[in-house]
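Chemist: One structure coming up, written as structure tokens, with questions to follow.
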Amino acid sequence: MTFDLADIIVLCLLGSASLLVMLRLWTGPHAPDRIVAADTLSVIATGVIVVLALLFESHLYLDVALLYGVLAFVGIVALARAIDGAH
């Protein structure tokens with residue numbers, strides 16, 4: 001199995017995982033369920049960016065993935081604190 005084939009398989013698995021997480025985000029009965037789903041979706045998106053960095057052999061994608069991961073973390077923490085303050 002070549003490295004490119006492994007990248008494509010990983011992208012397909014991440015894509016199917018993101019579909020399942022989006023379903024949970026859409027049907028989550030409570031706000032904490034939706035926050036966890038949004039956090040998981042951001043982790044999957046970061047993983048997709050990292051796999052694309054490997055596939056295209058570009059270090060710039062890794063910088064983008066790092067920045068996206070930090071911003072997603074800060075956003076999810078702010079959202080969780082806002083929901084926690086509302087109850």
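Chemist: Since Gly85 meets every condition but one in (1) small (Gly, Ala, Ser); (2) exposed (fewer than 13 other Cβ atoms within 10 Å of the Cβ); (3) touching a residue at least 24 places away in the same chain (Cβ under 8 Å), which condition does it not meet?
Modeler: (3)
Chemist: Still on this structure, I have one more. Would you say Leu71 is assigned to a helix (DSSP H, G or I), under 14 Å from the mean Cα position of the chain (by Cα) and either aliphatic (A, V, I, L, M) or more than 15 Å from Ser18 (Cβ to Cβ) (or both)?
Modeler: Yes: the conditions hold for Leu71.
Chemist: Output yes when any residue across the stretch 74-85 is on the phi < 0 side of the Ramachandran plot and assigned to a loop (DSSP other than H, G, I, E, B), and no when none is.
Modeler: Within the stretch 74-85 (the criterion being on the phi < 0 side of the Ramachandran plot and assigned to a loop (DSSP other than H, G, I, E, B)), the answer is no, since none of the residues qualifies.
Chemist: Mind checking which residues of the stretch 74-87 are among the hydrophobic types (A, V, I, L, M, F, W, C) and at pLDDT below 95?
Modeler: Scanning the stretch 74-87 gives Ile76, Val77, Ala78, Leu79, Ala80, Ala82, Ile83, Ala86.
Chemist: Name the residue that is farthest from the chain's Cα centre (by Cα), counting only residues in the stretch 53-66 that are free of Cβ contacts under 8 Å to residues at least 12 places away in the same chain and surrounded by 12 or more Cβ atoms within 10 Å (Cβ to Cβ).
Modeler: Within the stretch 53-66, the match that is farthest from the chain's Cα centre (by Cα) is Ser58.
Chemist: Surrounded by 11 or more Cβ atoms within 10 Å (Cβ to Cβ) and touching a residue at least 24 places away in the same chain (Cβ under 8 Å): which single residue out of Val10, Val21, Val50, Val36 fits that description?
Modeler: Every option except Val10 fails the conditions.
The values are calculated or read from the model by the stated rules, or taken from the named source; none is laboratory data. This one's a predicted model, so the numbers in the text were calculated from it and none came from an experiment. For neighbour counting, all protein chains shown are included, and Cβ atoms are generated from backbone atoms with ideal geometry for every residue, glycine included.
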